[in-house]
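J.: Structure provided below as structure tokens; questions to follow.
The values are calculated or read from the model by the stated rules, or taken from the named source; none is laboratory data. Just so we're clear, the structure is a prediction, and the values are computed from it rather than from any experiment. Positions of Cβ are backbone-derived with ideal geometry, glycine not excepted, and every protein chain shown enters the neighbour counts. SASA here: full protein model, heavy atoms, side chains in, ligands and nucleic acids out. Shrake-Rupley method; radii C 1.70, N 1.55, O 1.52, S 1.80 Å.
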Amino acid sequence: MSRMQVLDRLVLPVIGAAIVLGIWQGTIAYYGLARIVLPTPLEVANTLWKLLGNSGFWHDIQISLKEFFLGCLIGCLLGIAVGVLVGVRQDARMVLGPVIEAMRFIVPFAWIPLTVLWFGTSLTGKVVLVAYAVVFIMIVTTARAIATVEPTLMRIGVMLGMRPWEIALKIHLRAAAPAIASGAKAAAAVGWIAVVAAEYIGASAGLGVMITNASMSLDTSTVIAGMIVIGIIGAVVSWLIGVIAGAWLNH
Amino acid sequence: MSSISPKTDETTSPQEARAHSSGLAFEEISHAYVAANGTTPVLRNVSFAVESGQVACVVGPSGCGKSTLLSLAAGLMEPTSGLTRWKGRSVKPGTNPDLGMAFQQPGLFPWLTIRKNVAIGLTTRGMARHEAAKQADEMLETVGLSGFGDAYPRQLSGGMAQRVGIARALALRPKLLLMDEPFASVDAFTRLKLQAEFKSLLKLDKPTVLFVTHDVSEAILLGDMIVVMSPRPASVQKIIPIAREDRDRAGPGYARKMTEALQCLGVETNLSGN
């Protein structure tokens, strides 16, 4: 990478952020908004700085991340397993296909009232919700990726003496891995959104709870700081998955 | 029902084929593909036998079901009717430990190194990893690719990838070698080279070979017999035995066999302007 490119990669994103901050500050000035409606970027930055020194804030992040990772893990594993099954076996496709097609359009948020009813504000409810949000994306991407694996590779598997499960794992799943990894990236984004949404409605701790509490005490600055943290964590998680998947696939 | 399989010195009737317990035999094979919009018959009453250690080249119009024949021999599918026998036993879907197969596309696993691509069949069949790697390296050397063991398939040219596909099949030391137009997708010069290499490789283990090609000259060069198929639904039109002297491209035998096969395929051979 040349020096020019390095400079571009540093400077251009800053320009994007500056535009957003400019519009933000400009809106406050133009409409003469009160801090309680929309605090200035500087105030939010200040709040964010204070939050970083607050152990409760880190606890909330930890809770949210825990729910997210557990849910993602369960959803991904289950989704990949079902996706392989549906992609490889026609009978499984016929049994599960319609159910999956129907259920994947019931968005996770529609389940929140039920999960609150069933699991209360516990960790389990959030994990179930995240897993639900993730699982359908994983099933559909996995099954689709497996259906497009070069058929010669399967015939070669049979020729080489592989058993059906070996062909499913060593050929189907491995050949579909890059597509599955990008599916996981998309699924993680939806999973993270589901965590926060679930916490908004029924939870005892987590980033969503922190934000709703701040909102009720009219601490708008903390609300916005929390939203920024959600955005940053989501972006970092998505980036991490991309890096891990890339490193593993191109070992 | 009476067999319509052609009678030459090299062929046998289905009843006799059963007695050949050493090679590959197709016995009154018919096959149709069933799809939602109807059935497509591809093979009709195909019978012929390849004796152990012999090379049979199957030629025929494109789409006539040559590859189907290979898939049946490989146990990748079952015929609608009829029987495929290998060493006297009927071929069932599933794994045949005697089998090695190469395809029109090299079909290498893009995530494995060349060495691992060749070794994977050996490890699948239970060989220790380091021993398989060693044998893979030896086979790569035999096909002229020593030093490429650590490369990945995307770094290879088409002809090189095709060689790896063949090396993978040969590394299994197959007693039954099935080749589905393995040289069709490489350039003419590489093809000539690969044909010559392949010919000498066959001398190592003397496998029974079923070699599908659309190139009659390739069939004469490599085969002990040429099985000429009719258009779809294909049956055996003629079986042409090839003797050693017929492979001399400048000799009379080569021209005679060439003409015989091409006429059988319905190709006009007299292009000399007479």
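J.: Using 25 Å as the Cα-Cα cut-off, could you pick out the over-long pairs in B:LYS92/B:LYS134; A:LYS126/A:LYS185; B:LYS203/B:LYS257?
T.: B:LYS92/B:LYS134
J.: Rounded if a/c is under 1.5, else prolate if a/b is larger than b/c, else oblate: which is the protein assembly as shown, with a ≥ b ≥ c the root eigenvalues of its Cα gyration tensor?
T.: prolate
J.: Tell me which residues come under 5 Å, amide H to amide H, from B:VAL42 once H is placed; ignore anything under 5 positions away on its chain.
T.: Hits under the 5 Å cutoff: B:HIS31, B:ALA32, B:TYR33.
J.: Note down the Stokes-Einstein diffusion coefficient of chain B in µm²/s, whole number, using a Kirkwood radius over alpha carbon pairs, 20 °C, and 1.002 mPa s.
T.: 111 µm²/s
J.: Quote to one decimal, in nm, the extra length available between A:ALA102 and A:LEU78 on full extension: 0.36 nm per residue of separation minus the C-alpha distance between them.
T.: Between A:ALA102 and A:LEU78, full extension yields 6.9 nm more.
J.: What does the charge count near B:SER62 come to, summing +1 for each Lys or Arg and -1 for each Asp or Glu among other residues with Cβ under 11 Å from its Cβ?
T.: Net local charge, B:SER62 excluded: +1.
J.: Let me ask you something else. Around B:MET101, which amide H atoms from residues at least 5 apart in sequence, or from another chain, sit under 5 Å from its own amide H, with H modelled in the peptide plane?
T.: Placed amide hydrogens put B:LEU178 under 5 Å from B:MET101.
J.: Rolling a 1.4 Å sphere over the protein heavy atoms, what is the accessible area per residue of the protein assembly as shown, to the nearest Å²?
T.: Heavy-atom accessible area per residue stands at 50 Å².
J.: Using a 1.4 angstrom probe on the protein heavy atoms only, could you order A:CYS76, B:CYS64 from most to least accessible area?
T.: A:CYS76, B:CYS64
J.: Mean separation of Cα pairs under 8 Å and 6+ residues apart, divided by the residue count of the stretch A:42-249: what relative contact order is that in percent?
T.: RCO, the stretch A:42-249: 29 percent.
J.: For chain B, modelled as a Gaussian network with Cα springs under 10 Å, which listed residue fluctuates most, B:PRO231, B:PRO252, B:PRO61?
T.: Maximum among the listed residues: B:PRO252.
J.: Count, for each residue of A:147-159, the Cβ atoms from other chains sitting within 10 Å of its Cβ, then give me the mean as a whole number.
T.: 6
J.: Once phi is turned into θ = phi - 60°, what whole-Hz ³J(HN,Hα) does the Karplus curve with 6.51, -1.76 and 1.60 give for every residue of the stretch B:65-81, x standing for Gly and Pro?
T.: Calculated HN-Hα couplings, in order: x, 5, 5, 4, 4, 5, 4, 5, 5, 7, x, 6, 7, 10, x, 4, 8 Hz.
J.: Right, something else. Using the Karplus equation 6.51 cos²θ - 1.76 cosθ + 1.60 (θ = phi - 60°), what ³J(HN,Hα) coupling, rounded to whole Hz, does each residue of the stretch A:219-234 give in order, writing x for Gly and Pro?
T.: So the J values, rounded to whole Hz, are 8, 4, 4, 5, 4, 5, 4, x, 4, 4, 4, 4, x, 5, 4, x.
J.: What percent antiparallel are the DSSP beta bridges of the protein assembly as shown, to the nearest 5?
T.: Around 55 percent of the beta bridges assigned by DSSP in the protein assembly as shown are antiparallel ones.
J.: Loop only per DSSP, at most 11 neighbouring Cβ atoms within 10 Å: give me the GluC sites (Glu not before Pro) in the stretch B:114-190, ordered by residue number.
T.: none
J.: Just flag the trypsin sites (Lys or Arg not before Pro) in the stretch B:174-274 sitting in loop per DSSP whose Cβ has no more than 12 other Cβ atoms within 10 Å.
T.: B:ARG249
J.: Please turn the phi angles of the stretch B:44-54 into ³J(HN,Hα) values with the Karplus equation 6.51 cos²θ - 1.76 cosθ + 1.60 (θ = phi - 60°), one per residue in order, whole Hz, x for glycine and proline.
T.: 10, 6, 8, 9, 6, 10, 10, 6, 3, x, 8
J.: Mind checking which lysines have their Cα closer than 26 Å to the Cα of A:LYS50? Skip sequence neighbours fewer than 8 apart in that chain.
T.: List returned: A:LYS66.
J.: With labels modelled as points extended 7 Å from the Cα through the Cβ direction, what inter-label distance (nm, one decimal) is found for A:TYR31 paired with A:SER238?
T.: A separation of 2.6 nm, rounded to one decimal place.
J.: By a straight-distance test (C-alpha under 17 Å), which aspartates and glutamates pair with B:LYS193 as possible cross-link partners, with residues fewer than eight away in the same chain excluded?
T.: The reachable aspartates and glutamates, counting only those whose Cα sits under 17 Å from B:LYS193, are B:GLU141, B:GLU181, B:ASP215, B:GLU218, B:ASP248.
J.: If each of B:GLU138 and B:SER200 carries a label point 7 Å out from its Cα toward its Cβ, how far apart are those two points in nm?
T.: In this crude spin-label approximation the distance works out to 1.8 nm.
J.: Further question on the same structure: Where Lys and Arg each count +1 and Asp and Glu each count -1, what net charge lies around B:LEU122 among other residues with Cβ under 13 Å from its Cβ?
T.: Around B:LEU122, the surrounding residues sum to +4.
J.: Normalising by the residue count of the stretch A:156-229, find the relative contact order in percent from Cα pairs under 8 Å and 6+ residues apart.
T.: 14 percent
J.: Counting alpha carbon pairs within less than 8 Å and at least 6 residues apart, what relative contact order, in whole percent, applies to the stretch B:126-274?
T.: 14 percent.
J.: For a quick check, take a GNM of chain A with Cα springs below 10 Å and name the residue from A:VAL140, A:VAL128, A:VAL37 with the largest mean-square fluctuation.
T.: A:VAL37
J.: Return the aspartates and glutamates within reach of B:LYS87: Cα separation strictly under 16 angstrom, same-chain partners fewer than 8 residues apart disregarded; answer none if there are no such residues.
T.: B:GLU16, B:GLU27, B:GLU51, B:ASP98
J.: Here's another thing I want to ask about it. Percent antiparallel among DSSP beta bridges with both residues in chain B, to the nearest 5?
T.: 55 percent
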